[in-house]
1. Taking the range 20-40 as the search range and keeping residues that are open to solvent by 50 Å² or more (accessible area, probe 1.4 Å), within 22 Å of the chain's Cα centre (by Cα) and of a type outside the set (S, T, N, Q), which one is nearest to ALA63 (Cα to Cα)?
2. Considering the range 88-120 alone, what residues qualify as being within 20 Å of GLY61 (Cβ to Cβ) and surrounded by fewer than 12 Cβ atoms within 10 Å (Cβ to Cβ)?
3. Kindly indicate which of PHE17, PHE60, PHE46, PHE78 is open to solvent by less than 40 Å² (accessible area, probe 1.4 Å) and part of a helix (DSSP H, G or I).
4. Evaluate the following for GLU56: is it modelled with pLDDT of 95 or more and of a type in the set (D, E, K, R)?
5. Of ILE84, ILE106, which residue is among the β-branched types (Val, Ile, Thr), touching a Cys at 6+ places or on another chain (Cβ under 6 Å) and over 14 Å from ASN4 (Cβ atoms)?
6. Taking the range 37-55 as the region of interest, how many residues are within 29 Å of LEU8 (Cβ to Cβ) and in contact (Cβ under 8 Å) with a residue 12 or more places away in the chain?
7. So which of ALA80, ALA95 is among the small types (Gly, Ala, Ser), at pLDDT below 95 and under 21 Å from PHE17 (Cα atoms)?
Amino acid sequence: MVRNYFYLVVGLLCLLFAVTHTLNGLTTTLPVINNAAIDGSTKVTFTYVWHIIGIENLVFGIALMIMSVVKNRSEVKFAAWLIIVILFMRWTVIAYFTLMNGHDSITSLIPDTIAIFVVCILLFLGTRVKTSRRVSARTRHRRL
């Protein structure tokens, strides 16, 4: 039973990001790198860093799907905050290196910025969900 729909939605988004990031690399970015006049070790480094990000998104997605069904929300709140921090640091690195390469690439920040901020906001909202205590009819009757 899903106990935190915010974590569930973010988990699904992270799984989607993992697939789209990997497919984008395999179909557009990595073939360009392989055809460029770049030494082999640089190609290998770029390729494995590309796939690390895809796998990281996959792991976040799986973890968040599991977190969405955990009964005690306080047990998973730290993990959610840790993912928020990792994503904000990822965005900071993306923004820094994009802006250091000139203003014409500022518009390329928009998709990553939207995706990361939406995920972080949803995660934040997920950390704010209170644990619901279901009171049985018998317990409610005793209280009266």
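1. LEU23
2. Matches in the range 88-120: MET89, PRO111, ILE114.
3. Only one candidate qualifies: PHE60.
4. Yes.
5. The conditions single out ILE84.
6. Selection size over the range 37-55: 5.
7. ALA95
The rows are residues; the columns are (1) in contact with a helix residue (DSSP H, G or I) (Cβ under 7 Å, 6 or more places away or on another chain); (2) more than 30 Å from ARG128 (Cα to Cα).
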site: ILE38; (1), (2): no, yes
site: THR42; (1), (2): no, yes
site: GLY54; (1), (2): yes, no
site: ASN57; (1), (2): yes, no
site: GLY61; (1), (2): yes, no
site: LYS71; (1), (2): no, no
site: LYS77; (1), (2): yes, no
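The values are calculated or read from the model by the stated rules, or taken from the named source; none is laboratory data. This structure is a prediction, so every number in the text was calculated from the model and none was measured. All Cβ positions, even for glycine, are placed from backbone atoms using ideal geometry, and neighbour counts span all protein chains on display. These area figures cover heavy atoms from the full protein model, side chains too; ligands, DNA and RNA do not enter into them. Shrake-Rupley method; radii C 1.70, N 1.55, O 1.52, S 1.80 Å.
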